[in-house]
Amino acid sequence: MTTPASLSAMHQAASLKKQVIEALRSAVLEGRFQPGDRLVEREVCEMFQVSRTLLREALSQLAAEGIVQIIPHRGPIVAVYSAQDARAIYELRATLEEMAGRCFTERATAAERKALETAFSAFKKACRGKPGNDLLVMKTAFYAALTAGAHNPVLEDMLRMIHWRVTMLRAHTLSRPGRLARSLEEIGEIMEAIARRDPEAAGLACRRHVTNAAAIASEILTQKEAELDQPAPKTRTGVPRIVRV
């Protein structure tokens, strides 16, 4: 028989597990761990002051989210996305965000529209500063407001999972000269369509924004993969020289 004391212990364990998942997820998405970095259990346990059992449960959840990869005989690493992975992620994102734009325009309350405008203003302010974590946080807040106003819980859950993956790719796209300014313009076009209460235009503006980001991410990752495939440069003695990437 489950006693109140055991129920309390189970609740505390579940709460702690959630905290570990959120802390580790934030550490990855904020760039404290880079793609390909090994997540050494002993070091991560010490960092977050948790047991290995809790950490492994958290890593299992993050692997399901696509943020961590479990490599046989090597252990967990921060997920590394290929150009093909990026194309698949952005393809699904384009479809889901087009739907989110349409649904928000049709269903959002006055308070939700105001929340989206506030999030957009914060993003514009962040764009005027140096690109960094604040910019990514503000853009994440914008999409959270957009999906909340779409009033489709399943769509919201799916986009949340996609956006975690996209956040790991976004540093690639925003690093392209001129992309940040163009991204701001594209989101402005989404806001204008929503203000006109034109769901068709809002949906297409959302898809256009994602498609443009996808093209840049695919191009950058394809170029990086090509560079990694190049043979190592040789020294004057003809011996291949190790190149760190």
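The values are calculated or read from the model by the stated rules, or taken from the named source; none is laboratory data. As the structure is a prediction and not an experimental result, all values here were calculated from the model. Note: ideal-geometry Cβ built from the backbone for every residue, glycine included; neighbour counts use all protein chains shown. Each accessible area value is taken on the protein alone, full model and side chains, heavy atoms only, with ligands, DNA and RNA left out. Shrake-Rupley method; radii C 1.70, N 1.55, O 1.52, S 1.80 Å.
Brief remarks on what is shown
- Flag set for ALA145, criterion: of a type in the set (Gly, Ala, Ser), assigned to a helix (DSSP H, G or I) and either within 24 Å of SER26 (Cβ to Cβ) or in contact with a Gly (Cβ under 7 Å, 6 or more places away or on another chain) (or both).
- Every listed requirement among (1) open to solvent by less than 60 Å² (accessible area, probe 1.4 Å); (2) modelled with pLDDT under 95 is met by ALA148 save one, (2).
- Identity of the residue in the stretch 174-201, in a helix (DSSP H, G or I) and open to solvent by 50 Å² or more (accessible area, probe 1.4 Å), that ends up modelled with the lowest pLDDT: ALA181
- Helices (runs of 4 or more DSSP H) wholly inside the stretch 11-121 that include at least 2 residues being crowded, with 19+ Cβ neighbours inside 10 Å: 52-64, 83-107
- Look at the stretch 139-162: where a residue is within 18 Å of THR109 (Cα to Cα) and a partner is of a type in the set (Ser, Thr, Tyr), sitting 6+ places away or on another chain with Cβ atoms under 6 Å, you get GLU156/THR147.
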